Amino acid sequence: MASDSELIKWSLAGDTAAFVEVVDRHEAAVWAYLVRRAGRQAAEDLLGEVWTAAFAARRTYDLSFPVARPWLFGVALNTLRRHWRSQPVGDPRADLADLAGRSVMSDPWPSADERIHGEAVLRRALDQLPADEREVLFLVVWEELTVADAARSLGIPAGTARRYLHQARVALRDTPGMVALLDQYNTVSESK
Amino acid sequence: MIMDEVELIRRLGDVESLPAGVSERARSELRVAMAASGAPGSDPEKGRPPRRSRGRRRPASAVRRRRVLAGAIGIAAGAAVVGGGVAALGPGGAAGHDPAARVASPPAAAPSTAVPAPTPPPLAAPTVMYELASASLSQTPAQDRYVVYSETDTQTDYPGELKRTHVVDVRTGASTNYQQAYSSSGVKVPNSNYAPGGPPTTLPPHPTAEQQAYEQAWARAGAATGQSTDSGPPTEARTGPQLQDSRAWFDALPTDPAALRVKLLDLATKPHDGISPALMPSFTSDDYIYQEANTLLWNPVVSPELRSALYKVLAGTSGYTVTRGTDPAGRPAIVMTRHYTGITEVDVTYEDPGTGAVLAQVWKNPGEVITGVYQPVTYTNSIPSNPYTG
């Protein structure tokens, strides 16, 4: 099967259908990525923007990586940052978007917000994670990337990503109430 | 399962699947951006690896050779093999190699509206075509002078099977052909180009003057292009006449998919080498392109780059279905099935998913099935002797 890097190489040679094939392969994943971080409405608005941004940036793709998904998540994250920056002043999300700033912030993830209900403990714990740590955690847990791929997506060294992931998990476990929450799950509803 | 914080987060991440309308809207944005960039074919060579100095070519009549060979079985139309030029088998099967006659009598039994739309492909055709494009590139072209390929053909209403072995000189395109008569009845095929069990008849014992001149020109061109990473396809002037089935003919074809698509349509619909195209009034451009690509893909002289490009072109056409299965010899295969617009012929090809090579082809018409099963290709620097004697 043609690798993503081959398809991107062909698309650079003028074969746009090859790039559409890359879209075919990853659109469900990129869609889920956007919905989890920005909610469904914003995801609908932004999906096409991600494709055009990725197409425009395909010359920067490192062809030594056969699978493009981590790179596409990186493109999607940049798209999200632009989106958040453009939010009206006063919207609490507007100044929370700079993940590189490592400020303690609550990145908007309204879809999770809606779903979270009684899991305020978890939400608060995630809110308090540094943005990079949270993003590594989400890429690994939600997007099912390896730590190395998550690092590639964020443009940080793999060792750093590993450290972030470790710190995030420790921080979550140490969050007040987390132990009790997990106990509750593990005693009340044993099965998934 | 034991819930931990990771599992808890995972549950937060469930999202509904992508609605088709959203997907389409996003893709249309992409298409607009692609068009604005002038991407399709605007700069086809940029980013491409340097061309190999040898590697793609082929002549118009040879494109049709596959079909002509199939059609020649049991049909007293031996001259058709020499004439070539038939791109389409109408409802009448292989008969009627006269393009003019074909145009004058379009298939009556199948008005264009009578053919049902192909059923939705069980596999995403473009995805599979790109797999085959990639598999094709994994192949290394042989440098030997002769390509040897064997096939076993069967056809409805004729007993047994016919085995053929073709030896193609890739420098000239000249071929030596051996065949074994129908095994079950001994029926001989009335085709003067083949000598059942006898010596080869199509390759003269000594090269003709034309072939000699061509070989010399080809050798010069090869030496010249060998020093250049990308001098483009050899020109007519440099290579001399491009003979049927020669590597030079194939290598003159573009390997940029957009350009190749245009070229295929051109080959299918315009006169080449003095041969009028077999125009089909009901055909769409995709019909022509698919058929032309298909009549090239089977040919073992086609370079990996050209084969890959042909699959990429097919990835951009519609109207055929793709499944995984086995070929008539039981080998695992990608099965491509096309119903051409307005004719009854169904064209089935079986491709090796690992190499992109065509394993077998089947043409079906009401009351008629022609099957060609190909054996693995071998390469050599001397013409092998007749495998069917003794």
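The values are calculated or read from the model by the stated rules, or taken from the named source; none is laboratory data. All values reported here derive from a predicted model rather than from experimental measurement. When we count neighbours, we look across all protein chains shown, and the Cβ atoms used for this are built from the backbone with ideal geometry, even at glycine.
I need a count of the residues in the stretch B:305-332 that are out of contact with any helix residue (DSSP H, G or I) (no Cβ under 9 Å at 6 or more places or on another chain) and crowded, with 23+ Cβ neighbours inside 10 Å.
Final tally of qualifying residues: 1.
Here is a list: A:TYR164, A:TYR185. Which entry is at pLDDT 85 or above and either more than 8 Å from chain B (Cβ to nearest Cβ) or surrounded by 13 or more Cβ atoms within 10 Å (Cβ to Cβ) (or both)? Write out each step before concluding.
Numbers: A:TYR185 fails: at pLDDT 85 or above.
Of the residues listed, the single one that is at pLDDT 85 or above and either more than 8 Å from chain B (Cβ to nearest Cβ) or surrounded by 13 or more Cβ atoms within 10 Å (Cβ to Cβ) (or both) is A:TYR164.
Kindly establish whether B:SER308 is of a type in the set (S, T, N, Q) and in a loop (DSSP other than H, G, I, E, B).
Considered against the rule, which asks whether it is of a type in the set (S, T, N, Q) and in a loop (DSSP other than H, G, I, E, B), B:SER308 comes out as no.
With respect to A:ASP45, determine if the residue is acidic (Asp, Glu), in a helix (DSSP H, G or I) and more than 7 Å from chain B (Cβ to nearest Cβ).
Working: acidic (Asp, Glu): yes; in a helix (DSSP H, G or I): yes; more than 7 Å from chain B (Cβ to nearest Cβ): yes.
Yes, satisfied.
Failed condition for A:ASP149, given (1) away from every other protein chain (no Cβ under 14 Å); (2) closer than 14 Å to B:GLU7 by Cα, with all others met?
(2)
With the condition kept exactly as written, say whether any residue in the stretch B:368-375 is within 19 Å of the chain's Cα centre (by Cα) and farther than 22 Å from B:SER150 by Cα.
No, the stretch B:368-375 has no match at all.
Scanning the stretch A:121-154 for residues that are of a type in the set (Gly, Ala, Ser) and more than 12 Å from the chain's Cα centre (by Cα), which turns out farthest from B:VAL15 (Cα to Cα)?
Looking at residues that are of a type in the set (Gly, Ala, Ser) and more than 12 Å from the chain's Cα centre (by Cα), I get A:ALA148.
Please determine whether any residue of the stretch A:61-72 is under 14 Å from the mean Cα position of the chain (by Cα), buried (at least 22 other Cβ atoms within 10 Å of the Cβ), at the interface with chain B (Cβ under 7 Å from one of its Cβ atoms) and at pLDDT 95 or above.
No, the stretch A:61-72 contains no residue that is under 14 Å from the mean Cα position of the chain (by Cα), buried (at least 22 other Cβ atoms within 10 Å of the Cβ), at the interface with chain B (Cβ under 7 Å from one of its Cβ atoms) and at pLDDT 95 or above.
When you scan the stretch B:260-297, how many residues do you find that are at pLDDT 85 or above, crowded, with 24+ Cβ neighbours inside 10 Å and in a loop (DSSP other than H, G, I, E, B)?
Adding up the residues that qualify gives 0.
A:ARG85 is checked against (1) more than 9 Å from chain B (Cβ to nearest Cβ); (2) under 14 Å from the mean Cα position of the chain (by Cα) and fails just one. What number does that condition carry?
Here A:ARG85 meets the rest and fails (2).
All but one of (1) surrounded by fewer than 24 Cβ atoms within 10 Å (Cβ to Cβ); (2) assigned to a strand (DSSP E or B) hold for B:MET336; state the number of the condition that does not hold.
Looking at each condition in turn, B:MET336 falls short on (1).
Tell me, which residue of the stretch B:333-352 that is of a type in the set (S, T, N, Q) and modelled with pLDDT of 90 or more is farthest from the chain's Cα centre (by Cα)?
The first filter runs over the stretch B:333-352 and keeps only residues of a type in the set (S, T, N, Q), leaving B:337, B:341, B:344, B:349.
Still in the list and also modelled with pLDDT of 90 or more: B:337, B:349.
On the way: B:THR337: 14, B:THR349: 10 Å.
Per the criteria, the residue is B:THR337.
How many residues are under 16 Å from A:ALA29 (Cα atoms), facing another protein chain (nearest Cβ under 7 Å) and either under 39 Å from the mean Cα position of the chain (by Cα) or loosely packed, with under 12 Cβ neighbours inside 10 Å (or both) when one looks only at the stretch B:1-35?
Residues that pass the stated criteria total 6.
Of the numbered conditions (1) within 18 Å of B:ALA124 (Cβ to Cβ); (2) at pLDDT below 95, B:GLY330 satisfies every one except a single condition; which is it?
(1)
What is the one condition in (1) under 18 Å from B:VAL262 (Cβ atoms); (2) under 12 Å from the mean Cα position of the chain (by Cα) that B:SER318 does not satisfy?
For B:SER318, the failing item is (2).
Mind telling me which of the residues A:ARG40, A:ARG36 ends up being more than 7 Å from chain B (Cβ to nearest Cβ) and either over 19 Å from the mean Cα position of the chain (by Cα) or on the phi < 0 side of the Ramachandran plot (or both)?
A:ARG40
Condition check ((1) within 21 Å of B:VAL22 (Cβ to Cβ); (2) at pLDDT 90 or above; (3) among the small types (Gly, Ala, Ser); (4) buried (at least 18 other Cβ atoms within 10 Å of the Cβ)) across all residues:
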| site | (1), (2), (3), (4) |
| --- | --- |
| A:VAL22 | yes, yes, no, yes |
| A:GLY48 | yes, yes, yes, yes |
| A:TRP84 | yes, no, no, yes |
| A:ASP91 | no, no, no, no |
| A:ASP95 | no, no, no, no |
